[in-house]
Amino acid sequence: MNAPLALVIDDEPDIRELLELTLARMDIDTCAAEDISQAMTLLGKRRFDLCLTDMKLPDGNGIELVEYIQQHHADLPTAVITAHGNVESAVNALKAGAFDFVSKPVELHILRNLVTTALKLSRQNKSPEDGGQLQLLGHSRTMEATRARIAKLSRSQAPVYISGESGTGKELAARLIHEQGPRSDKPFIPVNCGAIAGELMESEFFGHKKGSFTGAVANKEGLFQAADGGTLFLDEVADLPLHMQVKLLRAIQEKAIRPVGGQQEQAVDVRILSASHKDLSALVKEGAFRQDLFYRINVIELHLPSLRERPDDIPLLVEHILKRLALQNNLDKPAIDAQALTALQGYSFPGNVRELENILERATTLCEGGVIYRNDLQLKNTQAEETLPAASHEIPLEPFLGNVEKETIVKALEKTRYNKTAAAKLLQISFGALRYRMKKLGLD
């Protein structure tokens with residue numbers, strides 16, 4: 001097999017030589033250019049597997065080249081070399097479509113990791129649908145666009161923030177980004193930031209050394225080390241306390257962590273994906289979430305639509321879920337009555353796809369004769385919908401949805417005799433999410 005070919009663009013001969021020597025030791029051939037003009041000429045003559053470009057060039061900047069490559073050579077992974085500490089340039093490069101960035105002075109182990117990952121991507125022949133058994137189902141335009149965006153994001157190393165309501169499939173989207181990308185052969189480590197006790201958080205993320213605190217009877221690997229080479233998915237990232245946000249920001253910026261009780265930093269090569277059902281922008285304004293961390297994790301946002309935004313996808317989802325439930329329980333798949341399906345398409349689904357799964361699981365148990373009818377669905381919110389004001393009046397959506405959510409939470413609390421932990425489990429949300437919603441709705 002032919003050696004990979006890299007295009008190196010830098011107007012400083014010493015930097016070009018360093019990059020060429022490093023790549024040569026990795027058995028990678030190189031072509032060098034001093035500016036954008038030379039680079040474009042070479043791009044027109046050869047097929048490259050990787051491009052490394054400086055940010056500042058005599059006839060333009062690296063972002064212009066990244067944009068050109070995105071338009072004319074979209075399959076070419078391009079990394080930008082930025083000045084040390086220039087976070088804004090790095091973020092702008094990633095938003096323009098750069099695969100990744102490396103800061104000057106170039107640390108060779110970081111460069112080697114970047115090059116190795118980029119070459120995996122360059123050699124990949126995966127299609128957007130190659131996510132193994134994982135699928136984001138739906139034929140609506142919204143879901144087609146979402147899948148296309150996931151496929152594009154999987155070809156980058158940029159931090160992605162996945163927004164959307166609870167139950168829309170944020171972790172599934174994160175797994176698809178990982179599995180369709182060059183890190184698919186490395187670990188995908190999901191962590192619910194709201195489920196870790198505050199006093200254990202630093203140890204959980206960065207590990208600890210034996211004897212560093214009471215109970216530390218052995219060295220322990222943290223989540224960053226476990227995800228090394230792969231992806232760390234920070235679910236409910238809004239629940240991180242401020243002191244941990246500072247440490248997380250440093251780990252992301254330096255690409256290194258220090259275990260609790262450790263004296264030296266350890267380099268880690270981790271892609272960061274994060275998600276929350278909360279409005280992070282609002283939390284930044286309130287001072288509850290650090291703006292600099294938000295800036296780093298939200299380089300690119302992927303918004304997942306709610307189920308009520310895509311009712312045309314409900315028949316396909318129903319069919320898929322019923323097949324899965326039948327297979328899991330070794331039963332015949334029940335049919336669904338036309339009126340029941342219409343009722344589902346008109347339902348508001350505050351819990352989104354996760355709620356649809358719960359409704360169908362319950363209906364499968366309750367139905368008789370192998371057919372699910374409308375009554376089997378037990379859609380309790382439909383009465384509230386029938387009492388909406390006449391169409392000639394304005395209908396404020398937020399208060400209405402808030403009332404539905406409030407009623408659902410109160411019923412769960414009553415059913416569990418006001419045991420919040422049990423109520424959260426019944427609602428299939430975290431304890432922290434229940435507390436947040438109760439406070440928001442004035443139920444605390």
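Side notes on the structure shown:
- Region 1-48, subset touching a Pro at 6+ places or on another chain (Cβ under 6 Å) and open to solvent by less than 40 Å² (accessible area, probe 1.4 Å), residue nearest to Ser103 (Cα to Cα): Asp35
- Between Pro241, Pro182, the distinction of being of a type outside the set (S, T, N, Q), in contact with a Gly (Cβ under 6 Å, 6 or more places away or on another chain) and under 30 Å from Ser306 (Cα atoms) belongs to Pro241 only.
- Summed over region 54-95, the residues that are under 20 Å from Arg123 (Cα atoms), open to solvent by 40 Å² or more (accessible area, probe 1.4 Å), in contact (Cβ under 8 Å) with a residue 12 or more places away in the chain and more than 23 Å from the chain's Cα centre (by Cα) give a count of 2.
- Members of region 273-286 that are open to solvent by 10 Å² or more (accessible area, probe 1.4 Å) and of a type outside the set (Ser, Thr, Tyr): His277, Lys278, Asp279, Ala282, Leu283, Val284, Lys285, Glu286
- Cβ-Cβ contacts under 8 Å between residues 6 or more apart (or on different chains), taken from a first residue in region 145-168 that is in a helix (DSSP H, G or I) to a second residue that is among the polar types (S, T, N, Q), are listed as Ile150/Gln180; Ala151/Gln180.
Condition check ((1) among the aliphatic types (A, V, I, L, M); (2) open to solvent by 20 Å² or more (accessible area, probe 1.4 Å)) across all residues:
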{"position": "Arg141", "(1), (2)": "no, yes"}
{"position": "Thr146", "(1), (2)": "no, no"}
{"position": "Ile162", "(1), (2)": "yes, no"}
{"position": "Ala173", "(1), (2)": "yes, no"}
{"position": "Ser184", "(1), (2)": "no, yes"}
{"position": "Phe188", "(1), (2)": "no, yes"}
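- Single match in Ser163, Ser156 (criterion: modelled with pLDDT of 90 or more and under 27 Å from Leu18 (Cβ atoms)): Ser156
- Ser281 being within 29 Å of Ala83 (Cα to Cα), polar (S, T, N, Q) and part of a helix (DSSP H, G or I): yes
- When region 253-265 is filtered for residues that are open to solvent by 20 Å² or more (accessible area, probe 1.4 Å) and either free of Cβ contacts under 8 Å to residues at least 40 places away in the same chain or farther than 19 Å from Pro182 by Cβ (or both), the ones remaining, listed by number, are Gln253, Glu254, Arg258, Val260, Gly261, Gln263, Gln264, Glu265.
- Lone qualifier among Val246, Val268 - being surrounded by fewer than 19 Cβ atoms within 10 Å (Cβ to Cβ) and β-branched (Val, Ile, Thr): Val246
- Failed criterion for Phe289 (all others in (1) more than 29 Å from Val115 (Cβ to Cβ); (2) part of a helix (DSSP H, G or I) hold): (2)
- Within region 322-358, tally of residues that are polar (S, T, N, Q) and either more than 34 Å from the chain's Cα centre (by Cα) or closer than 13 Å to Gln378 by Cα (or both): 2
So that you can scan it fast, the table gives a plain yes or no per residue for (1) surrounded by fewer than 16 Cβ atoms within 10 Å (Cβ to Cβ); (2) of a type in the set (Lys, Arg); (3) within 21 Å of Glu357 (Cβ to Cβ):
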{"position": "Lys406", "(1), (2), (3)": "no, yes, no"}
{"position": "Ile409", "(1), (2), (3)": "no, no, yes"}
{"position": "Ala412", "(1), (2), (3)": "no, no, yes"}
{"position": "Ile429", "(1), (2), (3)": "no, no, yes"}
{"position": "Tyr436", "(1), (2), (3)": "no, no, no"}
{"position": "Gly442", "(1), (2), (3)": "yes, no, no"}
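- Scanning region 83-102 for residues that are touching a strand residue (DSSP E or B) at 6+ places or on another chain (Cβ under 8 Å) and closer than 20 Å to Val160 by Cα yields a total of 12.
- Filtered residue count, region 345-361, keeping only those that are open to solvent by 40 Å² or more (accessible area, probe 1.4 Å), touching a helix residue (DSSP H, G or I) at 6+ places or on another chain (Cβ under 9 Å) and among the polar types (S, T, N, Q): 1
- Any hit, region 247-270, residues being within 25 Å of Leu434 (Cα to Cα) and either more than 17 Å from the chain's Cα centre (by Cα) or part of a strand (DSSP E or B) (or both): no
- Identity of the residue in region 218-235, part of a loop (DSSP other than H, G, I, E, B) and within 28 Å of Leu114 (Cα to Cα), that ends up most open to solvent (accessible area, probe 1.4 Å): Glu221
- Apart from one condition, Gly211 fits all of (1) more than 26 Å from Leu153 (Cβ to Cβ); (2) surrounded by 19 or more Cβ atoms within 10 Å (Cβ to Cβ); the exception is (2).
- Among residues of region 1-60, those that are among the small types (Gly, Ala, Ser) and assigned to a loop (DSSP other than H, G, I, E, B), counted: 1
The values are calculated or read from the model by the stated rules, or taken from the named source; none is laboratory data. Treat the numbers as computed from the prediction; the structure is a model and nothing was measured. Quick reminder, even Gly has a Cβ in these numbers, built from the backbone with ideal geometry, and neighbours come from all protein chains shown. With ligands, DNA and RNA removed, areas are computed over all heavy atoms of the protein, side chains included. Shrake-Rupley method; radii C 1.70, N 1.55, O 1.52, S 1.80 Å.
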